[in-house]
Amino acid sequence: MLALALLLDALFGEPDWLWKRAPHPAVLMGNLVGWLDKTLNRGAGRKAKGVIALIAVLIPVYIIARLLSLDIFFGVFEVIGAAILLAHRSLMDHVRAVTAGLHLSPEMGRRAVAQIVGRDTTELDESGISRAAIESAAENFSDGVIAPAFWFLFLGLPGIALYKAVNTADSMIGYRNARYEEFGWAAARFDDILNWIPARLTALLIVFAGVLRRRDRDEGLLKDFSVRFDAVMEDAPRHRSPNAGWPEAAVAYSLALALSGPRIYDGALTDDPFVNADGERTLEADDIDDTLALLWRSWMTFTLPLAAIALLSVL
């Protein structure tokens, strides 16, 4: 079922004709999180209220997903539901739009990248736009593809639905600021836990996909993989996020780029260190295309073995 869901997502993504007529499940989750935020995020005891809010989101999500995954539906809704909650094709399309925008003008590139990142984009040049797009692609490949697939593999439709609900809540209220430091604590911590294994699995996939097309042919495949992944393990903890640094470091070392580093949030420049500090720091649209190609190879590295196992199981 996971192999089929991954293939359906890659082929069709999120068709506009459907989601203009019906609300996407993630949108419904977001609406519920937003209502709970307005209703509960006030006064004293905000951390406890945040825990209650997260539970209030997870319970109906689990019940609906569990009903849709009953055997009486022959797995059809489970496959379709998983395909809807995976986001590989839509991620690739959104990041490719940044490349298309940059080919027109820096302003068009900034508009496109502003749709997928949370940092300030008004002053970004081509290199800053490209870096933001690449980092977003790497992080969201983990959050939007490998992590939901991982939880579907182990827990079926309820697993991927619960993961998506937590990830949606984290994206809306999991910020470290005055409004959400306490109320969003549960969502942020639970999201970190659910992404811990998938983020490192994503890094493995990206590095492996990278060495399959490695530039240095003098080294053996396994040695090349070991050297690169050792570097990823050393640099990933430098990132502000306990999980996002892993796919970003994997992309950085696979493409010889310097990622992460200082960026602007709320008008202030951060002092975040670079991942792969010796890599290229002046980036361009071609580097975004290279990242997309790397992530497609990583997707195939994950999907094709699943498809082969699925095929063998029915023969």
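Given the criteria over 29 Å from residue 62 (Cα atoms), in a helix (DSSP H, G or I) and in contact (Cβ under 8 Å) with a residue 12 or more places away in the chain, does residue 96 qualify? Break it down stepwise before answering.
Numbers: over 29 Å from residue 62 (Cα atoms): yes; in a helix (DSSP H, G or I): yes; in contact (Cβ under 8 Å) with a residue 12 or more places away in the chain: yes.
Against the criterion (over 29 Å from residue 62 (Cα atoms), in a helix (DSSP H, G or I) and in contact (Cβ under 8 Å) with a residue 12 or more places away in the chain), residue 96 qualifies.
Pairing residues of region 115-130 that are in a loop (DSSP other than H, G, I, E, B) with residues that are among the hydroxyl-bearing types (Ser, Thr, Tyr) and modelled with pLDDT of 90 or more, at Cβ distances under 8 Å and at least 6 apart in sequence or on separate chains, gives 116/136; 117/136.
If the condition is being part of a helix (DSSP H, G or I), within 15 Å of residue 164 (Cα to Cα) and either in contact (Cβ under 8 Å) with a residue 40 or more places away in the chain or of a type in the set (Ser, Thr, Tyr) (or both), then region 6-33 contributes 25, 26, 29, 30, 33.
Number of residues in region 274-291 that are touching a residue at least 60 places away in the same chain (Cβ under 8 Å) and either touching a Lys or Arg at 6+ places or on another chain (Cβ under 6 Å) or aromatic (Phe, Trp, Tyr) (or both): the value is 1.
Taken over region 256-266, the criterion of being touching a residue at least 60 places away in the same chain (Cβ under 8 Å) and under 21 Å from residue 109 (Cβ atoms) is satisfied by 257, 259, 260, 261, 263, 264, 265. Exactly one residue out of 65, 82, 100 is in contact with a Phe, Trp or Tyr (Cβ under 7 Å, 6 or more places away or on another chain) and among the small types (Gly, Ala, Ser): that is 82. Taking the conditions (1) part of a helix (DSSP H, G or I); (2) surrounded by fewer than 23 Cβ atoms within 10 Å (Cβ to Cβ) in turn, residue 137 satisfies each one other than (2). For region 230-271, taking the residues that are under 24 Å from residue 198 (Cβ atoms) and more than 20 Å from the chain's Cα centre (by Cα), the one that is surrounded by the most Cβ atoms within 10 Å (Cβ to Cβ) is identified as 231.
Each row is one residue, and each column tells you yes or no for (1) modelled with pLDDT of 95 or more; (2) crowded, with 17+ Cβ neighbours inside 10 Å; (3) over 22 Å from the mean Cα position of the chain (by Cα).
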site	(1), (2), (3)
10	yes, yes, no
37	yes, yes, yes
45	yes, no, yes
58	yes, yes, no
65	yes, yes, no
99	yes, yes, no
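Residue pairs whose Cβ atoms lie under 8 Å apart, sitting 6 or more positions apart in sequence or on different chains, and linking a residue in region 101-112 that is surrounded by 14 or more Cβ atoms within 10 Å (Cβ to Cβ) to a partner that is part of a helix (DSSP H, G or I) and of a type in the set (Asp, Glu), are 102/126; 106/126; 109/126.
The values are calculated or read from the model by the stated rules, or taken from the named source; none is laboratory data. Keep in mind that what you see is a predicted model, and the values were worked out from it rather than measured. Because the Cβ atoms are built from the backbone with ideal geometry, glycine has one as well, and the counts that use them run over all protein chains shown.
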